[in-house]
Amino acid sequence: MNIKYSLTGFADEIADDLTTQIESLQKLNIHYVEMRGVDGNNLIFHSTDKVKEIRSRLEDAGIALSALGSPLGKIGIDEPFEKHFEAFKRAVEIAHMMKTKNIRMFSFYIPEGKNEVYRAQVFDRMGQFVDYATANDAVLLHENEKGIYGEKAKECRELMDAFAGEHFKAIFDFANFVQAGQDTLEAYELLKDSIAYVHVKDAFAANGNVVPAGMGDGNVASILRRLFESGYEGFLSLEPHLFNFSGFAGLEKGKDAIAEGETKVLSGFEAFSLAHESLLRLLEKM
């Protein structure tokens with residue numbers, strides 16, 4: 001299979017400071033970053049001068065942004081929206097400063113079992129986001145995550161049916177679906193026409209623990225194959241979450257299975273490298 005993709009990731013899982021993030025990405029020959037935290041804050045909360053400095057240093061290093069890893073929509077549905085919407089408008093401004101249109105976002109934390117109660121409010125807020133993004137040439141990438149309105153495929157599909165287009169698209173996150181009790185193959189079939197970006201991490205259904213790509217219950221290899229067969233040529237974004245991984249020793253010995261009883265607390269770079277190597281090994285098998 002002839003596959004095409006661009007590799008990116010959350011470098012704040014390596015380190016908070018920009019210098020280490022850049023050095024680490026260069027070591028791994030990765031030329032994009034999905035920037036979330038950097039130098040003590042989320043990118044969208046830095047000053048204009050600081051954003052310009054970050055952009056300049058990334059450009060000098062040959063690294064571009066694949067997306068802003070913003071926390072937008074990651075508040076309770078009953079929390080005030082006005083201040084949050086101002087942060088959203090600032091994020092759109094910063095996205096343009098950083099020469100990307102892509103902004104990762106969420107669909108609000110909902111009290112358990114209350115999706116129908118808050119559905120109209122969620123859609124009103126999302127509609128305001130999408131209208132502003134449309135007017136200001138930004139692309140909102142909705143991430144499925146446990147606890148938000150769009151934690152499962154059905155609700156993600158509802159959001160896509162209402163808003164999908166040039167300015168609102170789906171991120172597919174394997175581990176987040178597993179942790180929410182959602183079958184990922186079913187999720188893929190429901191969302192495949194809207195997927196524009198992929199977060200690469202896997203997880204066990206039994207306990208929600210995150211593991212390297214292809215080693216959990218996320219059907220990572222099968223879904224990536226289907227994506228590539230459908231013509232996907234977008235970003236694969238590494239989000240390791242592997243700081244205390246109980247199979248590291250087994251992987252060091254070249255085993256495919258996770259070795260029980262062998263634990264190592266990983267450094268940020270070790271975790272990111274492990275996620276990187278696991279993904280590349282999975283893709284090579286294709």
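Would a scan of segment 12-32 turn up a residue that is open to solvent by less than 20 Å² (accessible area, probe 1.4 Å), within 29 Å of Ala135 (Cβ to Cβ) and either hydrophobic (A, V, I, L, M, F, W, C) or free of Cβ contacts under 8 Å to residues at least 40 places away in the same chain (or both)?
no
State the number of residues belonging to segment 162-209 that are closer than 16 Å to Ser237 by Cα, open to solvent by 10 Å² or more (accessible area, probe 1.4 Å), in contact with a Phe, Trp or Tyr (Cβ under 8 Å, 6 or more places away or on another chain) and aliphatic (A, V, I, L, M).
1
Name every residue in segment 40-63 that is open to solvent by less than 70 Å² (accessible area, probe 1.4 Å) and farther than 29 Å from Leu280 by Cα, in order of residue number.
Of everything in segment 40-63, those that are open to solvent by less than 70 Å² (accessible area, probe 1.4 Å) and farther than 29 Å from Leu280 by Cα turn out to be Gly40, Asn41, Ile44, His46, Ser47, Thr48, Lys50, Val51, Ser56.
Condition first: open to solvent by 10 Å² or more (accessible area, probe 1.4 Å), of a type outside the set (Asp, Glu), over 25 Å from Gly216 (Cβ atoms) and touching a residue at least 12 places away in the same chain (Cβ under 8 Å). Can you find one or more residues in segment 150-159 that meet it? If you could, list the steps in order and put the result at the bottom.
Keep residues of segment 150-159 that are open to solvent by 10 Å² or more (accessible area, probe 1.4 Å), which gives 151-152, 154-155, 157-158.
Subset that is of a type outside the set (Asp, Glu): 152, 154, 157.
From what's left, over 25 Å from Gly216 (Cβ atoms): none.
Looking for residues that are open to solvent by 10 Å² or more (accessible area, probe 1.4 Å), of a type outside the set (Asp, Glu), over 25 Å from Gly216 (Cβ atoms) and touching a residue at least 12 places away in the same chain (Cβ under 8 Å), one finds none in segment 150-159, hence no.
Exactly one condition in (1) in a loop (DSSP other than H, G, I, E, B); (2) within 20 Å of the chain's Cα centre (by Cα) is false for Met1; which is it?
Every condition holds for Met1 apart from (2).
Taking Ala221, is it open to solvent by less than 50 Å² (accessible area, probe 1.4 Å) and under 16 Å from the mean Cα position of the chain (by Cα)?
no
Just to be sure I understand, how many residues within segment 33-49 are of a type in the set (Gly, Ala, Ser), part of a loop (DSSP other than H, G, I, E, B) and either under 16 Å from Ala271 (Cβ atoms) or touching a residue at least 12 places away in the same chain (Cβ under 8 Å) (or both)?
1
Of the residues that sit in segment 109-142 and are basic (Lys, Arg) and surrounded by 15 or more Cβ atoms within 10 Å (Cβ to Cβ), which one is nearest to Ile63 (Cα to Cα)?
This residue is Arg125.
State which residue is nearest to the chain's Cα centre (by Cα) when the search covers only segment 93-122 and only residues that are farther than 20 Å from Gly9 by Cα and among the hydrophobic types (A, V, I, L, M, F, W, C).
So the first thing to find is which residues in segment 93-122 are farther than 20 Å from Gly9 by Cα, and the list is 93, 107-122.
Still in the running and among the hydrophobic types (A, V, I, L, M, F, W, C): 108, 110, 117, 120, 122.
Working: Phe108: 16, Ile110: 20, Val117: 27, Ala120: 26, Val122: 21 Å.
Per the stated criteria, the residue is Phe108.
Of these, Lys83, Lys146, which one is in contact with a helix residue (DSSP H, G or I) (Cβ under 8 Å, 6 or more places away or on another chain) and open to solvent by 60 Å² or more (accessible area, probe 1.4 Å)?
Being in contact with a helix residue (DSSP H, G or I) (Cβ under 8 Å, 6 or more places away or on another chain) and open to solvent by 60 Å² or more (accessible area, probe 1.4 Å) holds for just one of Lys83, Lys146, which is Lys146.
Please find, among Phe106, Phe88, the residue that is open to solvent by less than 10 Å² (accessible area, probe 1.4 Å), among the hydrophobic types (A, V, I, L, M, F, W, C), modelled with pLDDT of 95 or more and over 28 Å from Asp183 (Cβ atoms).
Phe88
Would you tally the residues in segment 91-103 being open to solvent by 60 Å² or more (accessible area, probe 1.4 Å) and either polar (S, T, N, Q) or in a helix (DSSP H, G or I) (or both)?
So the answer is 2.
Could you give me the residue pairs with C-beta distances under 9 Å whose first residue belongs to segment 84-110 and is under 15 Å from Ala138 (Cα atoms), whose second residue is in a helix (DSSP H, G or I) and basic (Lys, Arg) wherever it lies, and which are 6+ apart or on separate chains?
Note: pairs meeting the criteria are Phe85/Arg125; Met97/Lys52; Met97/Arg55; Met98/Arg55; Lys99/Arg55.
Within segment 261-270, does at least one residue satisfy the condition of being at pLDDT 50 or above, in a loop (DSSP other than H, G, I, E, B) and over 19 Å from Leu25 (Cβ atoms)?
Checked against the condition, which is being at pLDDT 50 or above, in a loop (DSSP other than H, G, I, E, B) and over 19 Å from Leu25 (Cβ atoms), segment 261-270 yields at least one hit.
The values are calculated or read from the model by the stated rules, or taken from the named source; none is laboratory data. Bear in mind that the values here come from a model prediction, so they are computed numbers and not experimental data. No Cβ is skipped: glycine too gets one built from the backbone with ideal geometry, and neighbour counts run over all protein chains shown. Calculation scope for accessible area: heavy atoms of the full protein, side chains included, ligands and nucleic acids excluded. Shrake-Rupley method; radii C 1.70, N 1.55, O 1.52, S 1.80 Å.
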